[in-house]
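J.: Here it is, the structure in full.
The values are calculated or read from the model by the stated rules, or taken from the named source; none is laboratory data. Not measured: the values here are computed from a predicted model. No Cβ is skipped: glycine too gets one built from the backbone with ideal geometry, and neighbour counts run over all protein chains shown. Accessible surface areas use protein heavy atoms only, side chains included; no ligands, DNA or RNA. Shrake-Rupley method; radii C 1.70, N 1.55, O 1.52, S 1.80 Å.
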Amino acid sequence: ELFGAEAGSYTGSNKNRIGKFEYANHGTLFLDEIGDMNFELQAKLLRGIEEQQFTRIGSNKPINVNVRIVSATNQNLLHLIKAGKFREDLYYRLNTIPIKIPTLRERKDEIMQIANSSLENICEKYGFEKKRFSNKAKESLLRYEWPGNIRELISVVERAAILSEGNEISEEDLFLE
């Protein structure tokens, strides 16, 4: 997926397949959840970043690229390095300009803005009439710890919008524990 493959390099492949690295040439490649990448692929990624080239599966011809890498993770990469699960050299290669985004529970003032915006988008997506949160639902949203951060908040809002009856989402509609 990252580096692509030549036709015939694996069963069922009948044409060349461009990988993410090649597709992002002269642009930006976003690697989400970099902390979950297996150790072998980390080595290939590091080589591709450092050499600005890679080789498709089933080929011997290197392809040169100019790619800016942006990566994200919710894991502590330094802990993964100590546990032998993340390459230290890759960490330092990717850690050029680190940006730490606080968890949602550290940004309580943004919860209702995100929830309201998500609710508006979800109502539009499903063709619902405009809905709003009750005061108790708002209090519940603000009180909850959000271990899954924004993805969890959006999921909770979507479920509540689908399951709620009428135009007001109640605290019970949120199904928060």
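J.: Work out how much length ARG159 to GLN75 would gain on full extension: take 0.36 nm times their residue separation and subtract the Cα-Cα distance, in nm to one decimal.
T.: That pair, ARG159 and GLN75, stretches by 27.6 nm at full extension.
J.: What are the ³J(HN,Hα) values, in whole Hz, obtained from phi via the Karplus relation 6.51 cos²θ - 1.76 cosθ + 1.60 with θ = phi - 60°, for each residue of region 163-177 in sequence order, with x given for Gly and Pro?
T.: Running phi through 6.51 cos²θ - 1.76 cosθ + 1.60 with θ = phi - 60° gives 8, 6, 9, x, 9, 10, 8, 8, 4, 5, 5, 6, 6, 8, 9 Hz.
J.: Still on this structure, please answer the following. Roughly what angle does helix 108-126 make with the longest principal axis of the chain, taking Cα atoms, 0 to 90 degrees, to the nearest 10?
T.: 90
J.: Applying a 10 Å radius around every beta-carbon, put 133-139, 7-13 in order of their mean neighbour count, most first.
T.: Result, highest mean Cβ count within 10 Å first: 133-139, 7-13.
J.: Ordered by residue, what ³J(HN,Hα) values in Hz, to whole numbers, does region 66-78 give under the Karplus form 6.51 cos²θ - 1.76 cosθ + 1.60, where θ = phi - 60° and Gly and Pro are x?
T.: Listing the rounded values in order: 10, 10, 8, 9, 10, 10, 9, 7, 9, 9, 8, 5, 5 Hz.
J.: If amide hydrogens are placed 1.01 Å from N in the peptide plane, which non-local residues have theirs closer than 5 Å to the one on VAL67?
T.: Excluding prolines and chain starts, which carry no amide H, the hits are HIS26.
J.: I want to make sure I understand the PRE zone here: with the label point 7 angstrom from the Cα of GLU50 toward its beta carbon, which residues in region 75-106 have backbone N atoms less than 17 Å away?
T.: Once the point is set 7 Å along Cα→Cβ of GLU50, 86-96 turn out to lie under 17 Å by backbone N, inside region 75-106.
J.: Oh, and also: Estimate the FRET efficiency between ARG93 and PHE128 by the formula 1/(1 + (r/R0)^6), using the beta-carbon distance for r and 41 Å for R0, to the nearest 0.05.
T.: In this case the efficiency is close to 0.35.
J.: Assign one of three labels to region 52-133, namely rounded, prolate or oblate, based on the Cα gyration tensor with a ≥ b ≥ c the square roots of its eigenvalues; rounded applies when a/c is under 1.5, prolate when it is not and a/b is larger than b/c, and oblate otherwise.
T.: Here region 52-133 falls in the oblate category.
J.: What is the percent carbon and sulfur in the accessible area of the chain, measuring with a 1.4 Å probe over the protein chains and ignoring ligands?
T.: About 48 percent, which is the carbon plus sulfur part of the accessible surface.
J.: From Cα pairs below 8 angstrom and at least 6 apart in sequence, can you work out the relative contact order of the chain, rounded to a whole percent?
T.: Once divided by the residue count of the chain, the mean separation gives 17 percent.
J.: Between region 34-63 and region 118-150, how many Å separate their Cα centres?
T.: 41
J.: May I pose another question? Among [x] 145; [y] 117; [z] 180, which one is volume of the Cα convex hull per residue in Å³ computed from these coordinates?
T.: [z]
J.: Lysines near LYS15 by alpha-carbon distance under 30 Å, same-chain residues fewer than 8 away left out - which ones?
T.: Candidates past the 8-residue exclusion: LYS44, LYS61.
J.: List the residues whose amide H sits under 5 Å from the amide H of GLU168, counting only those 5 or more places along or on another chain, with H placed 1.01 Å from N in the peptide plane.
T.: Distant-sequence amide H within range of GLU168: ARG132.
J.: Another question, if that's okay. Rolling a 1.4 Å sphere over the protein heavy atoms, what is the accessible area per residue of the chain, to the nearest Å²?
T.: 66
J.: Using θ = phi - 60° and the Karplus form 6.51 cos²θ - 1.76 cosθ + 1.60, what ³J(HN,Hα) does each residue of region 51-62 get, whole Hz, x for Gly and Pro?
T.: Result, rounded to whole Hz: 8, 6, 7, 8, 10, 5, 4, x, 10, 10, 8, x.
J.: When the helix-only estimate is applied to the chain (DSSP H runs of n ≥ 4, each -39,500 (n - 2.57), divided by the residue count), what is the mean residue ellipticity at 222 nm, nearest 500 deg cm²/dmol?
T.: Computed mean residue ellipticity for the chain: -12500 deg cm²/dmol.
J.: Next question. Determine which lysines satisfy two conditions relative to LYS130: a Cα distance under 28 Å, and not lying fewer than 8 residues away in the same chain.
T.: LYS108, LYS138
J.: Now for a different question. Search the structure for amide H atoms under 5 Å from the amide H of PHE86, placed 1.01 Å from N in the peptide plane, and list their residues when 5 or more places away or on another chain.
T.: ILE81
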